[in-house]
Amino acid sequence: MRANARLFWILAVFFGLVTVLYIVWSLLDFNHGTVEWAGTFGLGLSMLLSAFLAFYLGRTHAAQGGELPEDRLDANIDDGDPELGFFSPWSWWPILLAGSAALLFLGLAVGFWICFIAVGVGVISLIGWTYEYYRGLFAR
């Protein structure tokens, strides 16, 4: 994780230098002589995103108190194999929930009335996914 943080810091510095170079280059343009704002903001926000990621990875690495198993050369595969949780392989609710999210974004793009249908399907899908082990064959 330390290597990832360093790479993102290097990337942030690179985007910062490229942003300054882009501003200078656009100001020295003989035809216009003004700052081109779309590229400047794009490169500046890329620098900001890289800095945020580097800061987060650095703080997370410091909070974990040392090297992760995937960062050590002498680690085994089983050292970095935590239990991630229980996921139902036969559940259709996540697919319906993703479909309702897609329908919601489609409604924002095409017609707002579709959003009402998407929210209804989404609420039903979320409730069904939450309570799928409380009913039917797999009730506990």
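Computed quantities for the displayed model
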read-out: Unit charges on C-beta of K, R, D, E only; dipole of the chain, Debye; value: 460 debye
read-out: Length-normalised contact order of the chain in % [C-alpha pairs under 8 Å, at least 6 apart]; value: 19 percent
read-out: Full-extension gain in nm, Trp25 to Tyr133, via 0.36 nm per residue minus C-alpha separation; value: 32.8 nm
read-out: Cα centroid separation - region 89-140 against region 4-62, whole Å; value: 39 Å
read-out: Modelled FRET efficiency - R0 25 Å, Leu48 with Arg72, Cβ distances, 0.05 increments; value: 0.20
read-out: Kyte-Doolittle mean at least -0.5, axial Cα span of 30 Å or more - DSSP H helices of the chain; value: 2-27, 37-63
read-out: Positive minus negative residues near Leu53 (Lys, Arg vs Asp, Glu; Cβ under 12 Å); value: +2
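Throughout, read-outs are computed from the coordinates displayed, never taken from laboratory work. As the structure is a computational prediction, the values presented were derived from the model and not from experiment. Backbone-built Cβ (ideal geometry, glycine too); neighbour counts: all protein chains shown.
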